[in-house]
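These notes concern the structure reproduced below.
Read-outs: derived from the displayed coordinates by stated rules, not from any lab. The model shown is predicted, which means the values in this text are computed figures rather than measured ones. Cβ sites come from the backbone with ideal geometry, for glycine too, and all protein chains shown count toward neighbours.
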Amino acid sequence: MNTSEKLAEKAAEDIIAATPSAVENVNNFTKEIFHTRGGRIGSGMGSVVEALWGFHTNKLLHSSEYELGWIYGHEYNDFACIRSSELWEPSTKAGELLRVEVKSMVASADESKAHFDRLLHEFDRNELLAVFLWDWTLVSEKNKMVYPAILDYFVGLAIPVARLRDELHLGRGGTFVSAESCPDKCGAQCTHIGEPLNAAGVRERRSGPAKAKGPNVSYAANFGGLLRMLGSRGSGGREILRKHYKSNPTTARFLDFMSRNFPRVAKSMS
Ligand SMILES: [Zn+2]
């Protein structure tokens with residue numbers, strides 16, 4: 001491991017360790033400032049909560065060597081951990097140690113809209129996934145004021161979670177496109193390698209092969225849905241969940257987080 005990789009690993013650990021206090025600070029702040037009667041869902045508050053985590057975590061990092069930066073433009077990731085002393089260029093990742101993909105879920109919503117659907121080969125080694133479960137929560141029963149509170153969270157390496165996601169996808173009868181199997185028959189020029197297709201052969205992402213569009217939809221969009229991706233079929237699916245839980249502490253933390261908050265995940269684990 002070179003110096004840069006070591007620093008990236010240290011930064012990842014620092015971000016994970018700072019999160020419990022950062023969440024406490026976010027909740028104190030939103031309770032003080034964002035309290036209201038009512039409380040909208042679908043209001044963009046999830047994005048606000050995600051950003052607040054980044055700013056509060058940044059304040060708690062124990063290094064003068066790196067800091068969190070909010071990525072502008074249309075990058076997939078939300079935050080990057082960047083070297084404090086260097087110029088930062090998001091389009092080339094110059095000055096970056098690692099990136100963080102941040103997702104939020106509303107606890108009372110039936111189905112999470114958050115998608116974790118980038119392909120396995122697109123993740124860097126130390127890239128982090130941060131997921132926040134939040135909901136409008138009573139400040140006090142008396143005045144019916146509510147505030148957006150982070151109720152639970154997971155912050156950890158993204159790759160182990162993506163590996164679990166991918167094996168469960170295969171377990172449900174899905175496949176991943178290879179240059180040889182691409183429905184578009186692109187040959188060596190294939191840009192669809194690794195794209196997920198569901199059991200019916202329909203592409204899961206808009207960027208999948210054009211010939212793999214569904215009969216009524218452009219793409220299926222189930223791949224990487226934070227709840228749906230943990231859906232397992234029968235004992236085979238349960239075996240996959242248990243195997244990953246045992247073999248990787250990050251995956252175990254992710255599954256504990258999801259089981260605590262979603263009974264159907266707990267059920268498929270048991
Ligand atoms: Zn192709």
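Worth pointing out:
- All positions within the stretch 26-42 that are surrounded by fewer than 16 Cβ atoms within 10 Å (Cβ to Cβ) and touching a strand residue (DSSP E or B) at 6+ places or on another chain (Cβ under 9 Å): Glu32, Ile33, Thr36, Arg37, Gly38, Arg40, Ile41, Gly42
- Tallying residues that are among the acidic types (Asp, Glu) and under 16 Å from Gly156 (Cβ atoms) within the stretch 235-268 yields 1.
- When each of Ala51, Ala17, Ala8 is tested for being more than 23 Å from Ser112 (Cβ to Cβ) and within 18 Å of the chain's Cα centre (by Cα), the lone residue that passes is Ala17.
- Checking Phe257, Phe223 one by one, the residue that is part of a loop (DSSP other than H, G, I, E, B) and in contact with an Asp or Glu (Cβ under 8 Å, 6 or more places away or on another chain) is Phe223 and no other.
- Residue match in the stretch 89-98 (condition: without any contact (Cβ under 8 Å) to a residue 24 or more places away in the chain, within 21 Å of Leu61 (Cβ to Cβ) and buried (at least 20 other Cβ atoms within 10 Å of the Cβ)): yes
- Cβ-Cβ contacts under 7 Å between residues 6 or more apart (or on different chains), taken from a first residue in the stretch 173-197 that is without any contact (Cβ under 8 Å) to a residue 24 or more places away in the chain to a second residue that is near the ligand (Cβ under 7 Å from one of its atoms) and acidic (Asp, Glu), are listed as His192/Asp184.
- Number of the exception - Glu204 against (1) farther than 17 Å from Leu120 by Cα; (2) within 16 Å of the ligand (Cβ to nearest atom): (1)
- Residue, surrounded by the most Cβ atoms within 10 Å (Cβ to Cβ), within the stretch 207-231, restricted to residues that are within 16 Å of the ligand (Cβ to nearest atom) and touching a residue at least 24 places away in the same chain (Cβ under 8 Å): Gly208
- Screening Phe123 against (1) without any contact (Cβ under 8 Å) to a residue 60 or more places away in the chain; (2) surrounded by 13 or more Cβ atoms within 10 Å (Cβ to Cβ); (3) over 30 Å from Leu197 (Cβ atoms) leaves a single unmet condition, (3).
- For the stretch 178-198, residues that are exposed (fewer than 12 other Cβ atoms within 10 Å of the Cβ) and small (Gly, Ala, Ser) total 2.
- Criterion (in a loop (DSSP other than H, G, I, E, B) and over 23 Å from the mean Cα position of the chain (by Cα)) met by exactly one of Gly194, Gly208, Gly201: Gly201
- Residue, nearest to Val106 (Cα to Cα), within the stretch 232-243, restricted to residues that are in a helix (DSSP H, G or I) and in contact (Cβ under 8 Å) with a residue 12 or more places away in the chain: Leu241
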